[in-house]
1. Excluding Leu183 itself, calculate the net charge of residues whose Cβ lies under 15 Å from the Cβ of Leu183, where each Lys or Arg counts +1 and each Asp or Glu counts -1.
2. With the crude spin-label approximation of a point 7 Å out along Cα→Cβ, what separation in nm comes out for Ser196 versus Glu136?
3. Counting pairs on different chains as well as pairs 8 or more places apart, how many Lys pairs in the stretch 56-139 have Cα atoms under 13 Å apart?
4. Round to the nearest 10 and give me the degree value, 0 to 90, for the angle of helix 7-17's Cα axis relative to the longest principal axis of the chain.
5. Work from the charge dipole of the chain (Cβ charges, +1 for Lys and Arg, -1 for Asp and Glu, about the Cα centre) and give the residue of Trp172, Leu137, Leu113 farthest towards its positive end.
6. Report the net charge of residues surrounding Ser171, where surrounding means a beta-carbon distance below 13 angstrom and charges are Lys +1, Arg +1, Asp -1, Glu -1.
7. Suppose each label sits 7 Å from its Cα in the direction of the beta carbon; what would the Ile10-Lys103 distance come out to in nanometres?
8. State, as an integer percentage, the relative contact order of the chain based on alpha-carbon contacts under 8 Å between residues 6 or more apart.
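The values are calculated or read from the model by the stated rules, or taken from the named source; none is laboratory data. On a predicted model such as this, the values are computed, not experimentally measured, just so you know. With ideal geometry, Cβ positions are generated from the backbone for all residues, glycine too; neighbour counts draw on all protein chains shown. Surface areas here come from the heavy atoms of the whole protein model, side chains and all, with no ligands, DNA or RNA. Shrake-Rupley method; radii C 1.70, N 1.55, O 1.52, S 1.80 Å.
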Amino acid sequence: MVDEKSSVDILIDNLKKRGIDCESNKTDRRFVLPSSEQLMKTKSVVAALDSCFFIAHDSYAAKAQTTSTYTGLYTDVYASAEVECEIYKKEWADIFFRSGKRKTGIKYIDNNLTITSSGWTPKSILSFDDVTLFLELSKQIAPLKLVIQKDYLPEIGELSGKTVVGIETNSWLYEGKDLDLLLDKGVQLIRSLKKSLK
């Protein structure tokens, strides 16, 4: 009987087919805790690209609020501390489920995106082409968000303590078609945003 490949193995194979070297980590930890909290499973794949990092991460624990799954592209930017926000494709439910919404005053952005922030609004960093590219990506990879935040991924040494701009989904992407789209168009979008934030 042939063993089926895990999603980690498939992701690594798909990255290697694209000439991308990566590191992976998979752990199953048991803790000396009550049975509801004793198991923690994590898996992650990290690859350094020309201008950013590809990260796929999945962790699960029996305790509520401890599961985390995401796949994305991230790079560091030089920005002031108040430059933080999350950007989503606009959905009707945003009215109810997203707090701290901001308007840019730019019709194309405000009609298509929901921006959340504690105070800063990214008026000058989103070009028409960036918004169009993000919406194109969102058609195939959903949900998708852009994030600009200080110390967003402290577990990655090169990003620790820095402001990060990233594009991510809350699922484990490993299939070829989704990876192609994220690696091609996602890298293009991240580069454009990094240049705008200089």
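1. Values: positive: Lys16, Lys17, Arg18, Lys177, Lys185, Arg191; negative: Asp13, Asp21, Asp50, Glu136, Glu168, Glu175, Asp178, Asp180, Asp184.
Overall, the nearby charge balance is -3.
2. Simple spin-label model gives 1.5 nm for this pair.
3. Values: Lys89/Lys101; Lys89/Lys139; Lys90/Lys101; Lys90/Lys103; Lys90/Lys107; Lys90/Lys139; Lys103/Lys123; Lys107/Lys123.
So the count works out to 8.
4. Computed tilt is about 70 degrees.
5. Checking the options against the dipole of the chain, the answer is Leu113.
6. Numbers: positive: Lys145; negative: Asp58, Glu168, Glu175, Asp178.
Result for the local shell: -3.
7. A separation of 4.4 nm, rounded to one decimal place.
8. Values: 366 pairs, mean separation 42.5, N = 198.
Reported as a whole number, the value is 21 percent.
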